[in-house]
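All remarks here apply to the structure that follows.
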Amino acid sequence: MKQPTLQRVAILGSTGSIGTNTLDVLARHAQRFEVFALTAATQVDLLQQQCLQFEPRYAVMASAAHAAQLAERLKGAGLRTEVLGGEAAIAEVAAHAEVNAVMAAIVGAAGLAPCLAAARAGKRLLLANKEALVVGGEFFLQAVRSGGATLLPIDSEHSAIFQSLPEDPAVWNERVDKIILTASGGPFRTRDPRTLREVTPEQACAHPNWVMGRKISVDSATMMNKALEVIEARYLFGLAPERLEVVIHPQSVIHSMVQYTDHSVVAQLGTPDMRVPIAYGLSWPERMTSGAAPLDFHALAAMTFEPLDAPGHAERYAGIHLAWEALRGPAGTTAVLNAANEVAVAAFLERRIRFDQIHAVNLQTLATVVPQTPTSLEDLLALDAQSRRAAQQCILRLPQ
């Protein structure tokens, strides 16, 4: 039997939860995959450990100062690993000629440039950075098409949708009635909305089902993560925004669904473990073991569903409807929303604003910034910077 060709993988954001889960999956299939490059922002200690275990060809830190620290730590270890520093180096390893697949797991708009580099270089792009599509929109999709890249979603919801759709994208629009994204509802699904102003960063980061980074955990608590996922689904699957629906499913067993024109529904189920969509993206169109526990139907509690307009949800999840509003706006509006939310969440985590003020910052920034259609990466970065400045000004004007 012919052995499969060794696939070389670059992991952008290897020290985050997606990155560490990806390395766990790759370690289970060392005969199929080689860790070619690892990148991180500031976590020198963890990247050092990953280099010692996987010995990538390249290790890249976002800044030269952190790269120098890592290089000093690895000196004398006898590794083949070359340490690089700077954002340009991250984009370079993403587009490297020897790389087959790129796991794009850098959080936020910072991941846009290396995602574009990988797309233009025609890589298998495993997209865990939803901001590439939320910020990049049609401009990013054009880079994917022109580069001949293969774009595969890694978010559990979008992977579930992808697995539930027909194999031929050409028939999606005619056969599919709507896409239904599920949302856990986060840690405050049953909390009295009047008490949300008292929420602490620690409470907002305590997700009931998933282990995630602090920023995405807060997004889950406000449901802004679902707003961004609606936007991502619009660009990934090409359906009109009104054919995208969100339903709250607290158990996080059904990861998302597709309703067809005959009103049959195809859903993807599984334990809430990111290694499942990661393994699927790495092995597609095949499947391979992920390390996740199988779903035990005998022990499974009842599965429940709640509409977004259930009592109290309008106050708990005010931001979710900004997805459709941004998609109806001029090109670039989704980038404005993303930038505003990143600034607002950072301010909340730094205890500069209250939890319930995150939505106010997003709303005011959308009202302040009217984008021009971006036609280049420079346009997108300029719009992102403009939106961040506007969001900071909105924070300064908030009542204490």
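The values are calculated or read from the model by the stated rules, or taken from the named source; none is laboratory data. Being a predicted model, the structure only gives us computed values, none of them experimental. Counting neighbours? That spans all protein chains shown, and the Cβs are built from the backbone with ideal geometry, glycine included. With ligands, DNA and RNA removed, areas are computed over all heavy atoms of the protein, side chains included. Shrake-Rupley method; radii C 1.70, N 1.55, O 1.52, S 1.80 Å.
I'm checking my understanding of the structure. Among residues of region 341-399 that are within 19 Å of residue 203 (Cβ to Cβ) and outside any helix (DSSP H, G or I), which one is least open to solvent (accessible area, probe 1.4 Å)? So, considering only residues that are within 19 Å of residue 203 (Cβ to Cβ) and outside any helix (DSSP H, G or I), the one least open to solvent (accessible area, probe 1.4 Å) is 353. Scan region 161-177 and give yes if some residue there is surrounded by fewer than 22 Cβ atoms within 10 Å (Cβ to Cβ) and within 30 Å of residue 346 (Cβ to Cβ), otherwise no. Checking region 161-177: not a single residue is surrounded by fewer than 22 Cβ atoms within 10 Å (Cβ to Cβ) and within 30 Å of residue 346 (Cβ to Cβ).
The number of residues in region 127-152 that are open to solvent by less than 10 Å² (accessible area, probe 1.4 Å), under 18 Å from residue 169 (Cα atoms) and in a loop (DSSP other than H, G, I, E, B) comes to 0. Inspection of region 119-126 finds a residue satisfying the criterion of being assigned to a helix (DSSP H, G or I) and over 14 Å from residue 11 (Cβ atoms). The requirement of being closer than 25 Å to residue 221 by Cβ, at pLDDT 95 or above and in contact with a Gly (Cβ under 8 Å, 6 or more places away or on another chain) is fulfilled somewhere in region 365-372, by at least one residue.
Tell me, yes or no, whether region 27-40 has at least one residue that is of a type outside the set (Lys, Arg), in a helix (DSSP H, G or I) and crowded, with 21+ Cβ neighbours inside 10 Å. No, because not a single residue in region 27-40 is of a type outside the set (Lys, Arg), in a helix (DSSP H, G or I) and crowded, with 21+ Cβ neighbours inside 10 Å. Return the only residue of 330, 399 being more than 22 Å from the chain's Cα centre (by Cα) and free of Cβ contacts under 8 Å to residues at least 12 places away in the same chain. From the options 330, 399, the qualifying one is 399. Name the single residue that is farthest from the chain's Cα centre (by Cα) among those in region 38-65 being among the hydrophobic types (A, V, I, L, M, F, W, C) and under 13 Å from residue 77 (Cα atoms). Here the answer is 52.
Tell me which residues, restricted to region 153-186, are within 17 Å of the chain's Cα centre (by Cα), of a type outside the set (S, T, N, Q), assigned to a helix (DSSP H, G or I) and at pLDDT 95 or above. 158, 160, 161, 162, listed by residue number. Considering only residues of region 87-101 that are of a type in the set (A, V, I, L, M, F, W, C) and open to solvent by 60 Å² or more (accessible area, probe 1.4 Å), which is farthest from residue 112 (Cα to Cα)? Filtering first and then ranking leaves 97. Against the numbered list (1) out of contact with any Gly (no Cβ under 8 Å at 6 or more places or on another chain); (2) buried (at least 16 other Cβ atoms within 10 Å of the Cβ); (3) modelled with pLDDT of 95 or more, residue 45 comes up short only at (2). Just checking, does region 348-362 include any residue being free of Cβ contacts under 8 Å to residues at least 40 places away in the same chain and in contact with a Cys (Cβ under 7 Å, 6 or more places away or on another chain)? Looking for residues that are free of Cβ contacts under 8 Å to residues at least 40 places away in the same chain and in contact with a Cys (Cβ under 7 Å, 6 or more places away or on another chain), one finds at least one in region 348-362, hence yes. Filtering region 257-269 to residues that are on the phi < 0 side of the Ramachandran plot, touching a residue at least 60 places away in the same chain (Cβ under 8 Å) and not β-branched (Val, Ile, Thr) leaves 257, 259, 260, 267, 268. When restricted to residues that are in contact (Cβ under 8 Å) with a residue 12 or more places away in the chain and open to solvent by 60 Å² or more (accessible area, probe 1.4 Å), region 4-19 contains 4. Residues that are more than 23 Å from residue 256 (Cβ to Cβ), open to solvent by less than 10 Å² (accessible area, probe 1.4 Å) and among the hydrophobic types (A, V, I, L, M, F, W, C) within region 110-126 comprise 112, 116, 118, 119, listed in sequence order. For region 178-187, the criterion of being without any contact (Cβ under 8 Å) to a residue 40 or more places away in the chain and open to solvent by 20 Å² or more (accessible area, probe 1.4 Å) is satisfied by at least one residue.
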